[in-house]
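One structure is given below, encoded as structure tokens.
The values are calculated or read from the model by the stated rules, or taken from the named source; none is laboratory data. All of these numbers come straight from a predicted model, not from anything done at the bench. In this analysis, Cβ positions are derived from the backbone assuming ideal geometry, glycine residues included, and neighbour counts consider all displayed protein chains.
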Amino acid sequence: MRWRPRPLIHVVAAFDDPPPADMFESVERQWSTNPDLGTEGLDIDLELGARGWRITDTLNRVGLGEASRLKSARLHLVNFVDWEIPRPFHAGPWQITISQTSANPGEAIDEAGGFGVTHTLDIESVDGSLFQWEDTSGLRDAIFHWCSFVKGALVGWVLPEGFDEHQERVFVEWSATTVSRWRSRLAWSDPSCAVEVSALLDAWLRLASDDFWKEVLSRAARIAVSANEPDPLDVAIPTALTGLELLAWAVLVVREGWVRPGEQEMTAAAMIRLLMRWAEIPTDLPSQLTHLSSYIEGDGADLPMAVTQVRNRLVHPPRKATSDRRWPPSDVLTDAWRSSLEMLDLSLLRVLGYEGDYVHRRHLDGYWLGDTDPVPWSAGASLGD
């Protein structure tokens, strides 16, 4: 089977007699429950309960076998390139084991057009009890967003499997999540942070047990991934600001009650500045990003003011450019993009209670693996980080 980003089952059925007029409203799909799961492939029987013309159908997800008493389940991760999680770890009631499928998957990914299975992720209950496939629904959602946030691109999986207590495969599902085509991207972490980053999944699961925060986390992660695509920067910067404003609302209005809608009118810059204060994230203009500081206007300029000014100039451009009112040039956009993404990364990490190291986005000439810093609010962070 050649890899495709979205594997589907394409069904073709032929009938001898013309179908009744309501055939396509009443048709039912009945799948065989005893497929051959061995190396020879899968045998699937389809009954439509009617006879008539030739029809075709495409199915996004088909489960085969028995998924009610599983000892373990396996996901095949796509495009989780370069990461190696050295040992199993716990996330809520689950034990997770992530293993590389190849030491160097890059060539295979290139041949497949930018997609490839890079890891297997095995799921077991911590206490060794049996479980149903549907019991892992919340975990699978968290894994998708956690992996994607870590990589700065959508990391999905294909063809999940289930195994019984004898390690016999008893369940497979023909399905795939959405996945970003592989290419190098900036990210807030690198494989030197693997142990700390794996603990983040447990924090994600705990916070996502609340329906409100589950939505906030998944939306913030997807926004961060989307904003990490810098083509064009005119879209990436407003997208990153959307994520910051989402987290500002969730933290300052819903969780902490620092801001009361209707009583206090605050600008986007003020809300983001207050979020940075809550998260203990510095707001001084970074010395490395000189283009941004030279572009902004007004006294007391800081990062929230700078990135919102750039965003506002993009969406409300001047009719006639002057020395003090002009479109942001590309070097200013790049600085604003790096700054807004770093604030978004750190804010989401702070919400999750992360205390490990991270990769800042001010490396203008590249960086070495492991060139990380403690998050600003941790005990290991030094003044000026």
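Structure summary
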item	result
Scan of the range 48-88 for residues that are at pLDDT below 50 and surrounded by 12 or more Cβ atoms within 10 Å (Cβ to Cβ), ordered by number	Leu48, Ala50, Arg51, Gly52, Trp53, Ile55, Asp57
The range 100-142, residues that are within 20 Å of Pro160 (Cα to Cα) and among the polar types (S, T, N, Q)	Gln100, Thr101, Ser102, Thr118, Thr120, Ser125, Ser129, Gln132, Thr136, Ser137
Options Gly370, Gly356: the member that is surrounded by fewer than 17 Cβ atoms within 10 Å (Cβ to Cβ) and either among the aliphatic types (A, V, I, L, M) or in contact (Cβ under 8 Å) with a residue 24 or more places away in the chain (or both)	Gly370
Trp94 being closer than 23 Å to Arg181 by Cβ, modelled with pLDDT of 95 or more and surrounded by 20 or more Cβ atoms within 10 Å (Cβ to Cβ)	no
Ala224 being more than 22 Å from Ala91 (Cα to Cα), modelled with pLDDT of 95 or more and not β-branched (Val, Ile, Thr)	yes
Where a residue in the range 330-349 is surrounded by fewer than 24 Cβ atoms within 10 Å (Cβ to Cβ) and among the charged types (D, E, K, R) and its partner, wherever it lies, is at pLDDT 95 or above and in a helix (DSSP H, G or I), with Cβ under 7 Å and at least six apart	none
Close pairs (7 angstrom Cβ cut-off, 6 or more residues apart or separate chains): modelled with pLDDT under 85 in the range 297-322, not polar (S, T, N, Q) anywhere	Glu297/Asp324; Gly298/Met305; Pro317/Trp327; Pro318/Arg325; Pro318/Arg326; Ala321/Trp327
Residues within the range 272-293 that are within 23 Å of Val332 (Cα to Cα) and of a type in the set (Gly, Ala, Ser), tallied	2
Per-region count, the range 181-226, residues within 14 Å of the chain's Cα centre (by Cα), closer than 14 Å to Leu139 by Cβ and not hydrophobic (A, V, I, L, M, F, W, C)	2
Hey, Gly356 in contact with a Cys (Cβ under 7 Å, 6 or more places away or on another chain) and modelled with pLDDT under 95 or not	yes
